[in-house]
Structure formats: structure tokens, C-alpha cells
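Undergrad: Got a structure here, written out as C-alpha cells. Questions coming.
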Amino acid sequence: MDAARTAFRDECERLGAILRRLDDGHLDLPTPCPPWMVRELLAHVRAGVGRLADMLARSGAGPRGGRRRRLLRRQPSSFRPSTRPG
């Protein structure tokens, strides 16, 4: 588990370095993940990071098996292309 925590921390630090270079104008730019804009993709990443941080904090004591897979696959409706305005 220490290797997972170290890798997670390292990725968070790399992402933080990138985010510190962004300004508000960058948030409404498109990403290589259509149809998401930077702001939406960051919200998606934040949600995933929050779940992963919680799982690591509990040292694997979280949901198991099929339930875990369903939780990790579930997308908030705001990220589904069919619910995006425009």
C-alpha cells in the first residue's frame, strides 16, 4: 500500500504543478476529451481523486467486488455528453 500512496502523492504533485500555471481563462478551453472543457475535466478528476484518497486512507477497507467497480464506473450526469447544454 505504501507504493500506491507514494504514486498517488507523486501524481497529485505533478497535477498541482500544472494547475498552478492555469488562470481562469484556461478553464473554458476545450480538452482532448470532447466534449469536456478544462473546468469539467478537472471536476471529474477531482471526484475521482477524492474517491481514491478515501480508499487509500481506509487502506483498502472500502467497497469490494462488483460494488467497487460500479462506484468507479458511475459518472455524474453533468459529465454525460447528452446532458451538456448546447
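Undergrad: Within region 28-86, track down each residue that is outside any loop (DSSP other than H, G, I, E, B), more than 16 Å from the chain's Cα centre (by Cα) and at pLDDT 55 or above.
TA: D28, P30, A57
Undergrad: Out of curiosity, is R14 surrounded by fewer than 13 Cβ atoms within 10 Å (Cβ to Cβ), of a type in the set (K, R) and at pLDDT below 80? Reasoning before the result, please.
TA: Working: surrounded by fewer than 13 Cβ atoms within 10 Å (Cβ to Cβ): yes; of a type in the set (K, R): yes; at pLDDT below 80: no.
Against the criterion (surrounded by fewer than 13 Cβ atoms within 10 Å (Cβ to Cβ), of a type in the set (K, R) and at pLDDT below 80), R14 does not qualify.
The values are calculated or read from the model by the stated rules, or taken from the named source; none is laboratory data. Model, not experiment: these values are computed from the prediction. Cβ: placed from backbone, ideal geometry, glycine included. Neighbour counts: every protein chain shown.
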